[in-house]
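Below is one structure, written out as structure tokens, with a few remarks after it.
Every number here is computed from the coordinates shown, using simple stated rules; none is lab data. Computed from a predicted structure; not experimentally measured. When we count neighbours, we look across all protein chains shown, and the Cβ atoms used for this are built from the backbone with ideal geometry, even at glycine.
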Amino acid sequence: MPKLDIEAIPRSNATGYPSPFAKAVEGRWWRRLAPAGGLTQMGASHVVLRPGAWSSQRHFHHGVDELVVMLAGEAVLVEDAGETLLQAGDVAAWARGERNGHVLQNRSGEDCVFVAISAGDAHGDSGEYPDIDMVFTPAGFAHKDGTPW
């Protein structure tokens, strides 16, 4: 398997979240590793969270498994059951359909770095954001009553 040149992969902090939910992820910078490696059956991203940034809004997926491997720094994992500090070397995983909303928040004064891996039906995936009035479907973001954003 060829070594990927991380620095050669374009980075972005783009999000599809509508306002005001995009604010929390402004300091999240990601590089899509899977396409750079020619991978088509899984997603993988190298993610940097600047101090104060969140990985996402707290969410769960109906059709995609997720795995996070912490590489550097620390982040607070917020789930339904509470908070857990994740540091370099820690791994967290969520099975598709598990209704356990999760998000990583960088509450430290330093960047944190992790790899996020996903597998499953990404194009047909849907999910929910337990803390806010939003869901996601293959058609995009909507309010919990189904009204599009």
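At a 10 angstrom cut-off on C-beta neighbours, averaged per residue, how do the peptides 20-28, 70-78 rank from highest to lowest? Working shown, then result.
Values: 20-28: 15.7, 70-78: 18.1.
So the peptides 20-28, 70-78, ranked by packing, come out 70-78, 20-28.
Two numbers describe the Cα atoms of the stretch 31-106: Rg and Dmax, which are 12.7, 37 Å.
Relative to the current alpha-carbon distance between residue 90 and residue 32, full extension at 0.36 nm per residue lengthens the span by 18.8 nm. A viscosity of 1.002 mPa s and a temperature of 20 °C, combined with the Kirkwood radius over Cα pairs in Stokes-Einstein, give a translational diffusion coefficient for the chain of 136 µm²/s.
Here r is the Cβ-Cβ distance between residue 141 and residue 110 and R0 is 25 Å; the resulting FRET efficiency, rounded to 0.05, is 0.20.
Subtracting the Cα-Cα distance from 0.36 nm times the residue separation, let me have the gained length for residue 41 to residue 8 in nm, one decimal. Can you show the working numbers first?
Numbers: separation 33, 0.36 × 33 = 11.88 nm, distance 2.21 nm.
Taking residue 41 through residue 8 to full extension adds about 9.7 nm, to one decimal.
Only DSSP H runs of four or more residues enter the estimate; each adds -39500 (n - 2.57), and after division by the residues of the chain the mean residue ellipticity at 222 nm equals -500 deg cm²/dmol. Per-residue Cβ neighbour counts within 10 Å put 15, 84 in the sequence 84, 15, beginning with the fewest.
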